[in-house]
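Novice: Sharing a structure here in structure tokens format.
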Amino acid sequence: MTLTLARTAFLLAASLLVPGVLSSQAPLSVSREFVLPTPGLGVANAIIELRDGGFAAVGYADAGRETGTDAVLVRFNAAGDTLWTRSYGGDREDFGWDVVELPDGGFVIVGYTEAPAAGREDVLVMRVDASGAPAWERTFGGPGRDRAWSATLAGDEDIVLAAESEESGRRDRNAYLIRVSGDGEAKWIRSIDEPGDQRVFHIARTEDGAFVVTGTSASSSRASRDVYVARVDADGDVDWTRTFGGEPDDVGHGVMALGGGDVLVTGYGGTRSNGGTDVYLLRLDAEGNLRWWRHDGGPEDDRAMMSAPRAAGGYATVGFSMMSAGPDVVILENDPQGSTQTRTVLARPGSDRGVMIVAVRSGGYVLAGTLGGSHPTTGEFAVLWLEGARGSWQHITPADGLPAGEVRTVFSSSTGVVWFGVRGQGLAALDGEAWQYVTMEDGLVSNGVAGLEEVRGALWAVGQGGYSLLEDGRWQSFADVGGRVTRVVFSLTTSAEGAVQWFGANGFAARLDSTGWTHYGTADGLPHAVVHQVWTDRAGATWFACRRGLARLHEGAFEVFHPEVNFRSIVEDTAGRLWFGTGGNGVLVYSEGRWEQHMDGQTVLPSLVDGRGHVWARTEGAGVYRHDGRRWIQYTTADGLLSDVVYAIASGDDGSIWFGTDRGASRHSPP
């Protein structure tokens with residue numbers, strides 16, 4: 001199968017994002033969208049998160065030719081940017097239904113293809129490399145219609161796929177599994193030999209190397225259908241089968257292997273307890289016995305297609321609801337017992353369906369489906385990134401005990417005391433519900449505190465005129481920094497073990513270690529005398545964020561970067577990348593000799609890396625931003641922040657995040 005020039009032009013149009021076309025009811029909102037325009041029907045049937053943090057989505061789309069439909073594979077990076085789009089098809093119709101990532105970075109696509117004989121279809125298995133180029137293609141089938149719906153990795157390169165066959169002249173279908181090697185050879189084909197009509201739509205691998213499948217089962221194709229679940233061992237032999245349901249039809253559409261051998265089945269059925277079909281979640285034990293069965297639905301028909309585990313516990317479930325204007329995508333967040341906690345409906349004109357959902361490792365969700373069809377035979381291949389609930393907020397203002405509203409720095413100590421540096425008012429310490437206030441009268445070097453650090457149990461405060469030290473309940477103040485006088489000390493950073501402290505000051509940078517003080521100025525190689533912050537990275541180099549330029553000190557030599565830029569902050573993430581905040585040039589990120597720029601033209605100051613590895617950056621007018629490894633997410637007063645003018649960010653001892661603003665302090669607890 002080869003790409004034609006005409007089809008290449010068609011695919012290039014797919015890389016365009018279509019922003020702002022969805023409305024979302026809280027608590028989830030669409031943060032990014034990919035839509036593949038098609039003249040007919042297009043559907044993204046599966047989405048997976050890859051080992052490198054990116055994503056791959058598979059499905060099919062009408063290519064606008066007489067031969068109709070091609071299988072489609074789209075590769076995204078971790079930020080959701082489209083890396084490439086490939087279609088696979090020739091003079092026949094080809095449908096992609098699932099995709100598996102291989103250890104070498106390539107993929108196996110499964111689905112079905114139109115067979116040469118009239119009225120026939122064959123299972124399609126195709127291996128492609130990491131760029132989407134085809135490596136090989138195999139088909140499997142008999143004299144009727146054979147279709148593969150799902151696949152899972154079963155070894156280094158082996159996959160096992162769930163399929164069904166329908167013989168010509170018969171309406172009953174037979175479910176079966178195929179184990180395919182890395183070079184495309186069938187190692188075994190096993191029929192799940194049950195009387196009547198069986199279909200399997202999804203397969204998952206269990207902790208012990210067996211497989212579970214789900215679908216539907218009936219005594220005949222004309223009889224009412226039940227949820228069907230089967231467990232098959234590593235050789236394809238059936239361990240057990242179970243059915244669940246009543247009148248009318250019940251369908252199992254997604255299956256997930258849980259810990260301890262348990263299984264979660266997602267589907268829908270005709271309980272009509274609320275007037276239409278309901279969403280189903282069933283949890284089974286390792287022997288197939290029902291632990292619980294949850295229903296969710298309204299007066300309309302509700303269908304659940306797939307679930308995924310949530311980082312916070314429980315499950316996220318995607319499907320659609322048959323509203324009066326057509327189906328709308330629905331996402332449920334369920335607790336570990338399957339009860340619905342949140343329900344989000346994504347609505348736009350036309351026919352929209354959610355097919356698969358993945359809980360992204362860095363937070364939020366990504367789902368695959370179809371959007372915008374004017375009737376059931378039209379729609380567009382779509383992938384949506386969803387941002388989850390933004391957590392809860394608490395605020396502390398002068399009404400709660402702060403001496404004034406402008407909080408310039410915040411610090412949560414190892415003893416659980418939260419310290420606030422308040423402009424012109426010194427320090428305020430909150431210990432549970434008790435307040436303590438510290439000013440120059442109590443020993444502070446000044447009432448303008450710019451930064452706080454804890455070093456081996458002692459609290460250090462820097463600011464106007466020097467620094468102060470709280471140790472053994474007594475304050476000491478120093479009107480110089482190692483013998484040098486400065487108008488203001490902007491920052492204090494400390495090595496992980498507390499052996500080295502760096503002071504960024506107006507006029508110089510200073511280092512304090514066991515040997516004493518060392519000072520650095522423009523005569524030593526700094527590009528400017530105003531040093532906002534100093535940071536030593538994990539490789540041992542020390543960086544100086546200056547009013548004009550950035551300096552790196554490594555093995556005794558200085559190197560200067562971007563001398564025209566006002567550098568104001570530095571943090572290092574868990575991957576060793578350095579994030580530099582600037583005044584007016586956005587965020588500059590440095591990694592292994594390469595630079596990238598975010599939000600050019602803005603003043604955005606990365607100030608914290610939280611326990612999840614997310615980078616938090618403050619602004620003085622646009623709230624705060626969090627980078628989750630893929631994208632920036634903004635938080636403002638509309639989301640619960642006390643003010644959009646933010647001077648400080650600090651981590652709490654319970655995983656919360658503190659923000660110092662011009663109106664007080666905000667505390668954010670992630671969901």
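The values are calculated or read from the model by the stated rules, or taken from the named source; none is laboratory data. If you're wondering where the values come from, they're calculated on a predicted model, not measured in any experiment. Every residue, glycine as well, gets a Cβ built from its backbone with ideal geometry; the counts of neighbours run over all protein chains shown.
Novice: Can you tell me which of Arg348, Arg343 is closer than 25 Å to Arg631 by Cα and at pLDDT below 85?
Specialist: Just one listed residue meets the conditions, Arg348.
Novice: Quick check, is Ile109 assigned by the TED database to the domain that holds Val72 and farther than 27 Å from Thr38 by Cβ?
Specialist: No, not satisfied.
Novice: A follow-up question, please. One residue is enough: does the stretch 463-471 have a residue meeting the conditions part of a strand (DSSP E or B), within 35 Å of the chain's Cα centre (by Cα) and surrounded by 14 or more Cβ atoms within 10 Å (Cβ to Cβ)?
Specialist: No, there is no match, as no residue in the stretch 463-471 is part of a strand (DSSP E or B), within 35 Å of the chain's Cα centre (by Cα) and surrounded by 14 or more Cβ atoms within 10 Å (Cβ to Cβ).
Residues checked against (1) in contact (Cβ under 8 Å) with a residue 24 or more places away in the chain; (2) touching a Lys or Arg at 6+ places or on another chain (Cβ under 7 Å):
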{"residue": "Glu497", "(1), (2)": "no, no"}
{"residue": "Trp502", "(1), (2)": "yes, yes"}
{"residue": "Ala505", "(1), (2)": "yes, no"}
{"residue": "Ala523", "(1), (2)": "no, no"}
{"residue": "Pro527", "(1), (2)": "yes, yes"}
{"residue": "Gly540", "(1), (2)": "no, no"}
{"residue": "Arg547", "(1), (2)": "no, no"}
{"residue": "Leu553", "(1), (2)": "yes, no"}
{"residue": "His562", "(1), (2)": "yes, no"}
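Novice: Looking only at the stretch 419-449, count how many residues are in a strand (DSSP E or B) and of a type in the set (Asp, Glu).
Specialist: 1
Novice: State which residue pairs qualify: first residue among the aromatic types (Phe, Trp, Tyr) and inside the stretch 175-197, second residue surrounded by 13 or more Cβ atoms within 10 Å (Cβ to Cβ) in any location, beta carbons under 7 Å apart, and separation of 6 or more residues or different chains.
Specialist: Tyr176/Ala163; Tyr176/Ser165; Tyr176/Ile189; Tyr176/Arg190; Tyr176/Ser191; Tyr176/Ile192; Trp188/Arg179; Trp188/Gly236
Novice: Quick one: what pairs do we get from the stretch 155-171, first residue within 12 Å of Val125 (Cβ to Cβ) and of a type outside the set (A, V, I, L, M), second modelled with pLDDT of 90 or more and in a strand (DSSP E or B), C-beta under 9 Å, 6+ apart or different chains?
Specialist: Asp158/Arg179; Asp158/Val180; Asp158/Lys187
Novice: Condition first: of a type in the set (D, E, K, R), under 21 Å from Asp239 (Cβ atoms) and touching a residue at least 40 places away in the same chain (Cβ under 8 Å). Now tell me which residues in the stretch 277-309 satisfy that.
Specialist: Scanning the stretch 277-309 gives Arg283, Glu287.
Novice: Okay, next question. Within the bounds of the stretch 158-168, is there any residue that is among the hydroxyl-bearing types (Ser, Thr, Tyr) and under 14 Å from Ser181 (Cα atoms)?
Specialist: Checked the stretch 158-168: no residue is among the hydroxyl-bearing types (Ser, Thr, Tyr) and under 14 Å from Ser181 (Cα atoms).
Novice: While we're here: Every residue in the stretch 645-671 that is closer than 30 Å to Asp52 by Cβ, outside any loop (DSSP other than H, G, I, E, B) and of a type outside the set (Ser, Thr, Tyr), please.
Specialist: Ile649, Ile657, His668
Novice: Does Gly42 fit the bill of being crowded, with 24+ Cβ neighbours inside 10 Å and more than 17 Å from Ala308 (Cβ to Cβ)?
Specialist: So Gly42 passes the test.
Novice: Another one. Taking Ser477 and the conditions (1) in contact with a helix residue (DSSP H, G or I) (Cβ under 9 Å, 6 or more places away or on another chain); (2) in a loop (DSSP other than H, G, I, E, B), which numbered condition does it fall short on, given that it satisfies the others?
Specialist: (2)
Quick grid of which residues meet (1) crowded, with 19+ Cβ neighbours inside 10 Å; (2) assigned to a strand (DSSP E or B):
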{"residue": "Arg511", "(1), (2)": "yes, yes"}
{"residue": "Leu526", "(1), (2)": "yes, no"}
{"residue": "His532", "(1), (2)": "yes, yes"}
{"residue": "Trp535", "(1), (2)": "yes, yes"}
{"residue": "Ala539", "(1), (2)": "no, no"}
{"residue": "Ala575", "(1), (2)": "no, no"}
{"residue": "Gly584", "(1), (2)": "no, no"}
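Novice: How many residues, within the stretch 605-644, are more than 22 Å from the chain's Cα centre (by Cα) and either in a strand (DSSP E or B) or under 13 Å from Asp573 (Cβ atoms) (or both)?
Specialist: The number of residues fulfilling the criteria is 2.
Novice: Among the residues of the stretch 408-422, how many are hydrophobic (A, V, I, L, M, F, W, C) and within 32 Å of the chain's Cα centre (by Cα)?
Specialist: 3
Novice: Could I ask something else about it? Show me the strands (runs of 3 or more DSSP E) found entirely inside the stretch 102-148 where at least 1 residues are in contact with a Pro (Cβ under 8 Å, 6 or more places away or on another chain) and within 22 Å of Val43 (Cα to Cα).
Specialist: In the stretch 102-148, 121-128 are the strands (runs of 3 or more DSSP E) which contain 1 or more residues that are in contact with a Pro (Cβ under 8 Å, 6 or more places away or on another chain) and within 22 Å of Val43 (Cα to Cα).
Novice: Report whether or not Arg594 is buried (at least 18 other Cβ atoms within 10 Å of the Cβ), assigned by the TED database to the domain that holds Gln501, of a type in the set (Lys, Arg) and farther than 30 Å from Ala311 by Cα.
Specialist: Here the answer is no, as Arg594 does not meet what is asked.
Novice: Now a separate question. Within the stretch 541-562, which residues are among the hydrophobic types (A, V, I, L, M, F, W, C) and surrounded by fewer than 16 Cβ atoms within 10 Å (Cβ to Cβ)?
Specialist: Residues satisfying the conditions are Ala541, Ala557, Phe558.
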